[in-house]
Amino acid sequence: MPRVSYSLETFRGDIFGGVTSAVVGLPVALAFGVASGLGAAAGLYGAIAVGFFAAVFGGTKSQISGPTGPMSVAMAVIVTTHADSITEALTIAMMAGVIQILLGALRIGRFVSYTPYSVTSGFMSGIGVIIILIQTLPFLGHKSAEGGPLAAIREWPEAFSAVNFSAVGIALATLVVGVAWPARFRQYLPPTLAALVVGTALGVLWLSDTLVIGDIGPVPRGLPDFSLPTFDPGFLAGAAQPAITLALLGSIDSLLTSLIADSMTRTQHNPNKELVGQGIGNVAAGLFGGLAGAGATPGTVVNLRAGGRTQVSGVLRALILLALVLGLGPLAEEIPQAVLAGILIKVGWDIIDWRFLTRLLRVQREHLLVMVITLGLTVFLDLVSAVAIGLIAAGMASARQFERLQLDSVVSVPLLDRSFFTGEESGDDVDAFSARVGLVRLRGSFTVASSNKLISTISVDIRDHEVVILDFSETGYVDDSAALVVEQLVDTAISQDTEVIVMGLRGEAQQSLEALNVLERVPEDRFAANIDEAREIAQRLLAM
């Protein structure tokens, strides 16, 4: 393995990446902290703890970690539904971190990359929609509704009947700056930070007296207090489900971001090590009162574009945010909630997978249905159910495709005596249309996807032949369901007094069939290695 040197140029790139991602991540961390119900300070502490420990112990060199949209939405549900206090909510976050460490230790990380894109797209778009729906109330100058997007929608009639136009003005100005910030200024001042500055200045200088919902409230100064988890057995038992939800959500979010980082850097991350690093980061975040986090795609992309290439950039980002927390706490208190609403609506809009949605008319019907189901369940049910049902729907859609592919690989034909046999069997006395032998050739792999229709696809009618050759010469894999179909085919042949010859059985297909004793009713002298041996066996059987 070649030794990788750390050069001065790499260090300079990491400095630029760390500084830039810290500047971009500051307003987003504040906004996600408020959206989660834990407070703005929790967002900053989470960005510091998760960002630092995931960078040090994680498996993706250039990844930036911290509060994300999916994690803030999940934590908001935990705060309002599963926890009676902040301490209990942080305990659930720490439990999720421990679960992530276990997932990494058990080497389960690589399986996340098998998640179909239609499920990922629907889930991420659903998260974006949730963020936008929840932030409509503070955008209009009202308090956020507890209970998620449906609760926010139920509050719309009252909110629209009593719109606070000062809040709308601030939020709209923030949103416009975030969207329309000129590209030539972005290398000096990122759009998100520009939006935060403009919106806050507008609120403090002109409209603060007319705001119904004011600033984000007090932000603790200095280092966070150390918070021990709750060890009550009854609470821990009930907290297992939301902790698993949060752990799986953070794992999927992080590893998908790792894949994006891989595509930009042409490197390969270590998924299991990444899960361990994310888990350590979330445990640390919970201990210090921070919001649980994951790999953040926007922060990672900004870091890479600014030159960050190693874990140093993530560590520097965390240290810069820590310095900002120690010095800018009083300034953060003046930020109006309407400003954060404008920032989060832009974040939610960016999370929605517009690249997939703009191709809806070209997407296969099965994939479109999976995406719509996942998106709808994410918004209107819950996150884990959405992913679980989405994966099931995706599996069913893939099974239909595999069924067609696998059944196309089945060849079942009668073999005319005059062309199949040699020697005396090919004489003039042989009926030109006689086909005493049938051939069933199974090419490729056969699974549960095709097992139910495998019998009906085989066009050889066993009753019309005296011998049937089952050709496994080009069979790569046979799962248990397909193996039992083969047994059914053998049993049908025997019941019709048709002799069965098994040809070319080897490898994984042989292991699967022998493990289930599928061919136990086929005598040993009916196994052939190739078509010549099968012909000799058929001649012997027909002569009996």
Query - Cut-off under 5 Å, modelled amide H: who pairs with Ser445 long-range - result: Gly476, Tyr477
**Report entry** Under 11 Å, Cβ to Cβ, from Thr297 - net charge with Lys/Arg +1 and Asp/Glu -1
**Finding:** -2
Query raised in the report: Of the labelled options (i) 108, 60, 55; (ii) 81, 67, 37; (iii) 82, 74, 39, which one gives Cα extents along the principal axes in Å as computed for this structure?
Result: (i)
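What ranking do 285-297, 128-140, 498-510, 435-447 get when scored by the average of other Cβ atoms within 10 Å per residue, highest first? Write out the running numbers ahead of the final one.
Numbers: 285-297: 28.5, 128-140: 24.1, 498-510: 19.1, 435-447: 20.6.
Final packing ranking: 285-297, 128-140, 435-447, 498-510.
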Query raised in the report: Dividing the convex hull volume of the alpha carbon atoms of region 80-121 by its residue count, what do you get in Å³ per residue?
Result: 85
Query raised in the report: How big is the gap, in Å, between the Cα center of region 488-544 and the Cα center of region 81-95?
Result: 62
Query raised in the report: For region 496-539, rounded, prolate or oblate, judged on the Cα gyration tensor with a ≥ b ≥ c (square roots of eigenvalues), a/c < 1.5 rounded, else prolate if a/b > b/c?
Result: oblate
**Report entry** Lys/Arg +1, Asp/Glu -1 at C-beta; region 1-110 dipole; positive extreme among Val77, Val23, Phe11
**Finding:** Phe11
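Order 321-327, 345-351, 67-73, 88-94 from most to least packed using the mean count of other Cβ atoms within 10 Å. Before the final figure, lay out each step's value.
Values: 321-327: 17.1, 345-351: 21.4, 67-73: 28.3, 88-94: 26.6.
In descending order of packing, they fall as 67-73, 88-94, 345-351, 321-327.
Can you give the local net charge around Arg521? Use residues other than it whose beta-carbon is closer than 11 angstrom to its beta-carbon, Lys and Arg +1, Asp and Glu -1. Could you put the intermediate results ahead of the total?
Details: positive: Arg526; negative: Glu487, Asp491, Glu520.
After counting each charged neighbour, the total is -2.
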Query raised in the report: Packing-wise, with mean Cβ within 10 Å as the measure, how do 529-540, 244-255, 180-191, 34-45 rank, highest first?
Result: 34-45, 244-255, 529-540, 180-191
Query raised in the report: Cα gyration tensor of region 1-115, axes a ≥ b ≥ c as square roots of the eigenvalues: rounded (a/c below 1.5), prolate (a/b > b/c) or oblate?
Result: oblate
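Per DSSP H run of n ≥ 4, the term is -39500 (n - 2.57); total these for the chain, divide by its residue number, and report the mean residue ellipticity at 222 nm rounded to 500 deg cm²/dmol. Please list the in-between numbers first.
Numbers: 22 runs with 334 residues, N = 544.
Result for the chain, helices only: -20000 deg cm²/dmol.
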Report summary line: By the C-alpha gyration tensor axes a ≥ b ≥ c (rounded if a/c is under 1.5, else prolate when a/b exceeds b/c, else oblate), the shape of region 48-141 is oblate
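Using Cα-Cα distances under 8 Å and only pairs 6 or more residues apart, what relative contact order does the chain have, in percent? It would help to have the intermediate numbers written out before the result.
Details: 1057 pairs, mean separation 123.1, N = 544.
In percent, rounded to a whole number, it is 23.
Could you work out how much longer the chain between Arg365 and Ser7 gets when fully extended? Use 0.36 nm per residue separation minus the Cα distance between them, nm to one decimal.
Numbers: separation 358, 0.36 × 358 = 128.88 nm, distance 5.03 nm.
Stretched out fully, the Arg365 to Ser7 stretch lengthens by 123.9 nm.
Calculated FRET efficiency, Phe165 and Gln187, Cβ-Cβ r, R0 35 Å, to nearest 0.05?
Numbers: r = 35 Å, r/R0 = 0.99.
Approximately 0.50, to the nearest 0.05.
May I ask you to list, by number, the DSSP H helices of the chain whose Cα span along the axis is at least 20 Å and whose average Kyte-Doolittle hydropathy reaches 1.0 or more?
Values: long enough: 8-36 (40 Å, 1.19); 40-57 (26 Å, 1.96); 86-105 (29 Å, 1.77); 117-139 (33 Å, 1.50); 165-180 (21 Å, 2.29); 233-265 (46 Å, 1.07); 271-287 (24 Å, 0.18); 311-332 (31 Å, 1.88); 337-351 (21 Å, 1.37); 365-380 (22 Å, 1.50); 383-407 (36 Å, 1.05); 480-495 (22 Å, 0.86).
Correct list, ordered by number: 8-36, 40-57, 86-105, 117-139, 165-180, 233-265, 311-332, 337-351, 365-380, 383-407.
All of the numbers you see were taken from the coordinates with simple rules; none came from a lab. Just so you know, these numbers come straight off a predicted model, no measurement behind them. Backbone-built Cβ (ideal geometry, glycine too); neighbour counts: all protein chains shown.
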